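S.K.: One structure follows; several queries about it will come next.
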Amino acid sequence: MKKLRFKAKIRWQYLLLALLIGASGFAATRLGRQKEPTAYADVQRAAAKRMQRGEQVLLDVVLREEIAIEDIDLNQTGLIGPEWTPLTTTPGIEEAKRTSLDPNFAALLVRYFREAGLEAGDRVAVGTSGSFPGLLMATLCAATELELDVDVIASFGSSMYGATRLELNVCRILRILKENGVIDYTLLAVSPGGNNDYGESALWPDSRDTIAALAAEEGVEYIDYNDIERSIARRLEIFGEDIDCFVNVGGASANSGTSAYTLDFPNGLVTDPPRIPTTANRGLMYEYAARGIPVINMLNVRQMAADNGLPYDPVPLTQPGEGGVYYEVVYPVWIAAFAAFLMVAALILGGLRYRKLMKKELG
């Protein structure tokens, strides 16, 4: 009995010492963490400045054409649309729409593209609705700065406060930015958007005719089936196989899908997707994820801002270069390694001490 009690005492002494060393090492590593600029911070700032310039170009158009600026447009950007128009498809959150116009979202997209491993000349497919013209602008400003090859398929439908104006719809916004040298892209096709990608509106009986007229102005293919599975399949055909990254902006049903798994798809850059459904209505995000292609999903603005050190609903908008998105948290690895070494040493010493004392006990 004497030997058993003595044995337990020795084990707990050194185990406790190892645990204390580990806890101290963890705390010291946490306290010693520092923020360092990303290796591509200059590119991020350039993309944010490009987006800021694009917003000014669009505001100039709004003022010149005397387009009304909404009362909820607290930063007077001219890019917050009315609640209800023939292009409105679903409710929207005004705070999220204002937040998405922060030019530093372009810096976030640079980070996403870099983390996805993209290089100049790589091909990016963008599926967008009109819901977040700010996030779409951020995507294309970042891609232009990184010299990526971007193809776009746009849906005219928009949730409240997005690109809901007929005279400043999502495709016209893109055209204005391209004509002024802010972004570079190729528009491959357009679609109505909304439920089933068909563009019907309970409040505007002629919404489909209105959207068809807007589509005719673009001079590209008009995807109009009233069949979400055909709409998804046609987009895959148009984009083709040679895609290095897919970006979803907003909640267009053909991009997000209409399956029971639609809301399970994570926000931001996704390289390790959740369970992928096999149904034909799973949407382009799951289609490309199933092919092992990185997907950037931009829908939950609040989460993206919180995860990347950007303010939510800032008034005034932050300036290019501001926010945590330009930094990486670096931990002093040597402290953790040294603590691990001491923990192992304590356990080995405890084992040797135990063996020595047991030999002494046994004579």
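S.K.: Out of all the residues in the stretch 132-170, which are in contact with a helix residue (DSSP H, G or I) (Cβ under 8 Å, 6 or more places away or on another chain) and among the hydroxyl-bearing types (Ser, Thr, Tyr)?
M.R.: Scanning the stretch 132-170 gives Thr139, Thr144, Ser155, Ser158, Tyr161.
S.K.: Which one of these does Arg114 not meet: (1) open to solvent by less than 10 Å² (accessible area, probe 1.4 Å); (2) of a type in the set (D, E, K, R); (3) part of a helix (DSSP H, G or I)?
M.R.: Condition (1) is where Arg114 drops out.
S.K.: Got at least one residue in the stretch 220-231 being under 24 Å from Ser259 (Cβ atoms), without any contact (Cβ under 8 Å) to a residue 60 or more places away in the chain and crowded, with 21+ Cβ neighbours inside 10 Å?
M.R.: Yes, that holds for at least one residue.
S.K.: Another question, then. Looking at (1) more than 26 Å from Asp224 (Cβ to Cβ); (2) in contact with a helix residue (DSSP H, G or I) (Cβ under 6 Å, 6 or more places away or on another chain), which is the only condition Gly292 fails?
M.R.: Going through the list (1) more than 26 Å from Asp224 (Cβ to Cβ); (2) in contact with a helix residue (DSSP H, G or I) (Cβ under 6 Å, 6 or more places away or on another chain), Gly292 breaks only (2).
S.K.: Could you list all residues from the stretch 48-79 that are acidic (Asp, Glu) and part of a loop (DSSP other than H, G, I, E, B)?
M.R.: Selection gives Glu65, Glu66, Glu70, Asp71, Asp73.
S.K.: Filter the stretch 175-193 down to residues that are in contact with a Ser or Thr (Cβ under 9 Å, 6 or more places away or on another chain) and either more than 24 Å from Leu109 (Cβ to Cβ) or among the hydrophobic types (A, V, I, L, M, F, W, C) (or both) and give me whichever is surrounded by the most Cβ atoms within 10 Å (Cβ to Cβ).
M.R.: Of everything passing the filter in the stretch 175-193, Pro192 is surrounded by the most Cβ atoms within 10 Å (Cβ to Cβ).
S.K.: Condition first: at pLDDT 95 or above and either touching a Cys at 6+ places or on another chain (Cβ under 8 Å) or open to solvent by less than 50 Å² (accessible area, probe 1.4 Å) (or both). Now tell me which residues in the stretch 242-252 satisfy that.
M.R.: Correct list: Ile243, Cys245, Phe246, Val247, Asn248, Val249, Gly250, Ala252.
S.K.: Let me ask you something else. Which residues, taken from the stretch 64-107, are among the charged types (D, E, K, R), open to solvent by 40 Å² or more (accessible area, probe 1.4 Å) and touching a residue at least 60 places away in the same chain (Cβ under 8 Å)?
M.R.: Once the filter is applied, which keeps residues that are among the charged types (D, E, K, R), open to solvent by 40 Å² or more (accessible area, probe 1.4 Å) and touching a residue at least 60 places away in the same chain (Cβ under 8 Å), the stretch 64-107 yields Glu65, Glu70, Glu83, Glu94, Glu95.
S.K.: Among the residues of the stretch 134-150, which ones are within 22 Å of Leu79 (Cα to Cα) and open to solvent by less than 10 Å² (accessible area, probe 1.4 Å)?
M.R.: Once the filter is applied, which keeps residues that are within 22 Å of Leu79 (Cα to Cα) and open to solvent by less than 10 Å² (accessible area, probe 1.4 Å), the stretch 134-150 yields Gly134, Leu135, Leu136, Met137, Ala138, Thr139, Leu140, Cys141, Ala142, Ala143.
S.K.: Just name the residue that is least open to solvent (accessible area, probe 1.4 Å) out of those in the stretch 194-212 that are in a helix (DSSP H, G or I) and among the charged types (D, E, K, R).
M.R.: Filtering first and then ranking leaves Asp197.
S.K.: Name the residue that is nearest to the chain's Cα centre (by Cα), counting only residues in the stretch 80-104 that are part of a loop (DSSP other than H, G, I, E, B) and under 18 Å from Gln56 (Cα atoms).
M.R.: Ser100
S.K.: Out of (1) surrounded by 22 or more Cβ atoms within 10 Å (Cβ to Cβ); (2) out of contact with any Lys or Arg (no Cβ under 8 Å at 6 or more places or on another chain); (3) of a type in the set (A, V, I, L, M), the odd one out for Ile153 is which?
M.R.: So the condition that Ile153 fails would be (2).
S.K.: Now, a different point. Starting from residues that are more than 20 Å from the chain's Cα centre (by Cα), part of a loop (DSSP other than H, G, I, E, B) and of a type in the set (A, V, I, L, M), keep the ones in the stretch 161-190 and report whichever is farthest from Gly81 (Cα to Cα).
M.R.: Here the residue is Val182.
The values are calculated or read from the model by the stated rules, or taken from the named source; none is laboratory data. Keep in mind that what you see is a predicted model, and the values were worked out from it rather than measured. Note that each Cβ is placed from the backbone with ideal geometry, even for glycine, and that neighbours are counted across all protein chains shown. Accessible surface areas use protein heavy atoms only, side chains included; no ligands, DNA or RNA. Shrake-Rupley method; radii C 1.70, N 1.55, O 1.52, S 1.80 Å.
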